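*Asks:* Structure incoming, see below.
The values are calculated or read from the model by the stated rules, or taken from the named source; none is laboratory data. The model shown is predicted, which means the values in this text are computed figures rather than measured ones. Counting neighbours? That spans all protein chains shown, and the Cβs are built from the backbone with ideal geometry, glycine included.
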Amino acid sequence: MDSIRLRFAPSPTGALHIGGIRTALYNFLLARQQKGTFVLRIEDTDQARYVPGAEDYILEALEWCGLQPDEGPGIGGDYGPYRQSERKDLYGKYAQQLIESGHAYYAFDTADELAEKRAAAEANGNTFKYDAKVRHQLVNSLTLSDEEVQKRLDRGDNYTVRLAVPPDELILIDDLVRERVQFHTNELDDKVILKSDGMPTYHLANIVDDHLMKITHVIRGEEWLPSTAHHVLLYRFLGWEDTMPTFAHLPLIMKPTGKGKLSKRDGAKLGIPVFPLSWEGPNPENTFKGFREFGFVPDAVNNFLAFLGWNPGTEQEIFDKEELITAFSVEKIGKSGARFDYDKARWFNQQYLIRMLDSDLLPHVKPIIEAHGHQPDEAFLLTFIGLMKERVHLLPEFWEQGHYFFTDYQSLDEKMVSKKWKPEFRTAFDDLHQLLRDTESFTTESLQTTVKGFINDHGYKFGNILPILRLGLTGTTKGPDIFATMALLGRAEVDRRLQASYQRFDQLTQE
Ligand code: GLU
């Protein structure tokens, strides 16, 4: 059997939703697993909805996620061009072929006339559907004489081409996810396949291109399932049914509550990313941060997205890209909606941060620290990363939770100070401070021995002494190992901070 060919076919109508990335990911995984080809096709025939910058966004998002297409715009391949606007002259002949074989017809109804019909139907509580039942009462090449049709065409009247959906038929689709799906043609309308501007609609362009690009599998979101019935008819009428791709429709992505489909607006509403990358829209409502800017690493996003609709059927949850390529299978894609669980996304990211080498995290963390005006040397940063990585979920938290490694702490847990800064331990705090000034070695191990020895020798309790040490150095009682923290800060900084903090604690508790 020839190797499989899959495609991701987004429309550049705005920033690509995270669901689009999931579709791209599933196509990519299957292509890689089966040593097939992953094609990127830009479906930009709807000029009214075209958004400048959206195609670049798609390319950048795929690149960030590491989902590199084998063929596509700017990449090349034997089946190009891969942008539908550059293929527009190609579709007309198929529309023509369908007209000649009686499977499509010219429709001359104006937008106003159709709007009137719609309004009239609604007034009676019905919906207007341009279909086999009504097409014979409308203005089209099935009701007009051949001469009249020709006259209108010669005159340059506006027209669309519609698919003549046959009545009273059952269309069966064997979907890899949904199994057998059936549509009755009486439910379908006569879809426009060629618009008045001569451009094909999604339906025609999509199937013509899938055919010409020899696509073997169509994996896409469930929202396209109803269109598939029309697509099957198009394949049939064009004589391509025997090479029609196999379909797999992915379950919807649901809101974090589990109720309703995840929408673009949920991101802003809940303060969570629902797009891969940030997007600068024309106004603030259309501007948002993506997974990248929230501080996710791409493999964690892929792992999270892979599980939105698929699972391996085992307990294992962490799969890097290579493992996903091996484990992925369309048979294990679920039918029911997949809940977008943002906490789970954060958990995945944490797991990836923990597993990443400190040196691999360096290029992610360095710019964050530098953006706050600090230029620590690499050895310092590497130790810092090693200390913090188990404690953070998202990259910016390296700064938010660890800023005090680079500058005086920015906030102080005053409640904790009042609780722990006790007159009866004052001598102990001062003695320990002096001991830290004098102690010879300032490594994690030696500090641990020295401080613990001091506490034990004097019969103090760790819980009475260590929190003040940490508060004095970091402003908080939470953080990585205190001895490692001290070792990284260094003797002079520890001395300076304790000096300043103890004065501050005195003032605080005297007020
Ligand atoms: N252009 C469609 C979209 O924007 C493609 C759907 C399909 O994969 O057929 O998602």
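*Asks:* Restricting to the stretch 1-17, count the residues that are under 15 Å from Ile42 (Cβ atoms) and either out of contact with any Leu (no Cβ under 6 Å at 6 or more places or on another chain) or within 7 Å of the ligand (Cβ to nearest atom) (or both).
*Replies:* The number of residues fulfilling the criteria is 9.
*Asks:* Which of the residues belonging to the stretch 375-404 are assigned to a loop (DSSP other than H, G, I, E, B), of a type outside the set (D, E, K, R) and closer than 17 Å to Ala300 by Cβ?
*Replies:* Correct list: Val392, His393, Leu394, Leu395, Pro396.
*Asks:* Okay, next question. Find all pairs meeting these conditions: Cβ atoms under 7 angstrom apart; at least six residues apart or on different chains; first residue within the stretch 220-236 and over 10 Å from Ile171 (Cα atoms); second residue among the small types (Gly, Ala, Ser) and within 11 Å of the ligand (Cβ to nearest atom).
*Replies:* Between residues of the stretch 220-236 that are over 10 Å from Ile171 (Cα atoms) and residues that are among the small types (Gly, Ala, Ser) and within 11 Å of the ligand (Cβ to nearest atom), the close pairs are Gly221/Gly19.
*Asks:* Looking for whichever is hydroxyl-bearing (Ser, Thr, Tyr), farther than 20 Å from Gln401 by Cα and assigned to a helix (DSSP H, G or I) here; the options are Thr326, Thr314. Which one fits?
*Replies:* Unique residue meeting the criteria: Thr326.
*Asks:* Let me confirm something: among His372, His364, which residue is under 30 Å from the mean Cα position of the chain (by Cα), at pLDDT 95 or above and exposed (fewer than 14 other Cβ atoms within 10 Å of the Cβ)?
*Replies:* Within the list His372, His364, the selection yields His372.
*Asks:* Contact list please: Cβ distance under 6 Å, first residue in the stretch 467-480 and closer than 14 Å to Arg504 by Cα, second residue small (Gly, Ala, Ser), pairs at least six apart or on different chains.
*Replies:* Gly472/Ser501; Gly475/Ser411
*Asks:* Taking the conditions exactly as written (assigned to a helix (DSSP H, G or I) and away from the ligand (no atom under 15 Å from the Cβ)), does Ala205 satisfy them or not?
*Replies:* No: the conditions fail for Ala205.
*Asks:* Of the residues that sit in the stretch 238-278 and are of a type in the set (Val, Ile, Thr) and under 14 Å from the mean Cα position of the chain (by Cα), which one is farthest from Val218 (Cα to Cα)?
*Replies:* It comes out as Ile272.
*Asks:* Quick one: how many residues across the stretch 381-404 are closer than 14 Å to Lys478 by Cβ and among the aromatic types (Phe, Trp, Tyr)?
*Replies:* Residues meeting the conditions: 1.
*Asks:* Looking at (1) surrounded by 13 or more Cβ atoms within 10 Å (Cβ to Cβ); (2) assigned to a helix (DSSP H, G or I); (3) in contact (Cβ under 8 Å) with a residue 40 or more places away in the chain, can you tell me which one Ala500 breaks?
*Replies:* (1)
*Asks:* Sticking with this structure for a sec: For Glu241, state whether it is charged (D, E, K, R), surrounded by fewer than 17 Cβ atoms within 10 Å (Cβ to Cβ) and near the ligand (Cβ under 10 Å from one of its atoms).
*Replies:* For Glu241, the condition - charged (D, E, K, R), surrounded by fewer than 17 Cβ atoms within 10 Å (Cβ to Cβ) and near the ligand (Cβ under 10 Å from one of its atoms) - is not met.
*Asks:* Which of the residues belonging to the stretch 18-56 are over 17 Å from Trp279 (Cα atoms), among the β-branched types (Val, Ile, Thr) and within 13 Å of the ligand (Cβ to nearest atom)?
*Replies:* Result: Thr23, Val39, Ile42, Thr45.
*Asks:* Starting from residues that are over 21 Å from Thr246 (Cα atoms) and among the basic types (Lys, Arg), keep the ones in the stretch 160-202 and report whichever is farthest from the ligand (Cβ to nearest atom).
*Replies:* Filtering first and then ranking leaves Arg162.
*Asks:* Can you find, within the stretch 218-237, the residue that is farthest from Leu40 (Cα to Cα) among those that are in contact with a Ser or Thr (Cβ under 9 Å, 6 or more places away or on another chain) and either of a type in the set (Lys, Arg) or more than 11 Å from the ligand (Cβ to nearest atom) (or both)?
*Replies:* Phe237
*Asks:* If you check Ala306, Ala300, which single one turns out to be under 15 Å from Arg355 (Cα atoms) and among the hydrophobic types (A, V, I, L, M, F, W, C)?
*Replies:* The conditions single out Ala300.
*Asks:* For the stretch 244-257, which residues satisfy the criterion of being within 16 Å of the ligand (Cβ to nearest atom), more than 19 Å from Asp209 (Cα to Cα) and in a strand (DSSP E or B)?
*Replies:* Leu250, Ile253
*Asks:* Sticking with this structure for a sec: Inspect all residues belonging to the stretch 303-322 and state whether any of them is surrounded by fewer than 18 Cβ atoms within 10 Å (Cβ to Cβ), touching a residue at least 40 places away in the same chain (Cβ under 8 Å) and not basic (Lys, Arg).
*Replies:* No, the conditions are met nowhere in the stretch 303-322.
*Asks:* Do you know which residues across the stretch 434-492 are of a type in the set (Lys, Arg) and either closer than 21 Å to Glu378 by Cα or surrounded by 18 or more Cβ atoms within 10 Å (Cβ to Cβ) (or both)?
*Replies:* Arg470, Arg491
*Asks:* Go through the stretch 179-215 and give me each residue that's closer than 23 Å to Ile333 by Cα, surrounded by 17 or more Cβ atoms within 10 Å (Cβ to Cβ) and touching a strand residue (DSSP E or B) at 6+ places or on another chain (Cβ under 6 Å).
*Replies:* Within the stretch 179-215, Val181, Phe183, Ile215 qualify.
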